[in-house]
1. Sorted by accessible area (1.4 Å probe), largest first, how do 129, 10 line up?
2. Name all residues of the range 119-137 having a backbone nitrogen under 11 Å from the label point set 7 Å from the Cα of residue 54 along its Cα→Cβ direction, giving them as ranges.
3. In terms of solvent-accessible area of protein heavy atoms at a 1.4 angstrom probe, what is the ranking of 21, 125, highest value first?
4. Heads up, I need the accessible area for residue 103: 1.4 angstrom probe, whole protein in place, Å², nearest 10.
5. Using a Gaussian network model of the chain whose springs link C-alpha atoms within less than 10 Å, name the residue from 90, 109, 19 with the highest mean-square fluctuation.
6. How many nm separate the modelled label positions at residue 25 and residue 80, each set 7 Å beyond the Cα in the direction of the Cβ?
7. Suppose all protein chains stay in the model; what accessible area per residue would a 1.4 Å probe give for the chain, in Å²?
Amino acid sequence: MEEFLNAFSVPAAPGTSGTELVFDLNGQSKGTAIAHAERSAEFVLNEPGFYAAAFHSTIAPASGVTFPLNIQFTMEQDGTPVPGAATQHTFHTSAENANIAFDTILAVTDAPSILAVTGLGGNFLYSDVGMSIYQIG
């Protein structure tokens, strides 16, 4: 059985170092292996197995930050960074924005397991954010 869920946000939202990104709305979904409450940051993987996750966003520096500003985004599983599931950008002016993305495959041995994407490094704005998660085995 193929199960999936995608969630997204369109309007810009502020973030600070250590902030989990909030996904306002759920898009398409099938099944109960993956759950997400709208307007929350956490995705719940309810069954053991393997999952593929793909993340993307547009980011910009918040006003009043010091340049250069390096912001890193990392997927965490149960509070621990997922190896290889990270991206970063260094801003040099307030007029910049950047498109960021990563994808990964992860294992769940003890369900439920919680996924979230965290920004680190300073104050930022994020918009056009999306996450798609697929149960693959």
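1. Working: 129 5, 10 90 Å².
Descending accessible area places them as 10, 129.
2. What the label zone holds, given the 11 Å backbone N cut-off, is 131-134.
3. Accessible-area ranking of 21, 125, largest first: 125, 21.
4. 110 Å²
5. It is 109.
6. 3.6 nm
7. Solvent-accessible surface per residue comes out at 49 Å².
The values are calculated or read from the model by the stated rules, or taken from the named source; none is laboratory data. Note that the coordinates shown come from a computational prediction; the quantities given were computed from them, not determined experimentally. FYI the Cβ positions are ideal-geometry reconstructions off the backbone, even for glycines, and counts take in every protein chain you see. These accessible areas exclude ligands, DNA and RNA; they are computed on the full protein's heavy atoms, side chains included. Shrake-Rupley method; radii C 1.70, N 1.55, O 1.52, S 1.80 Å.
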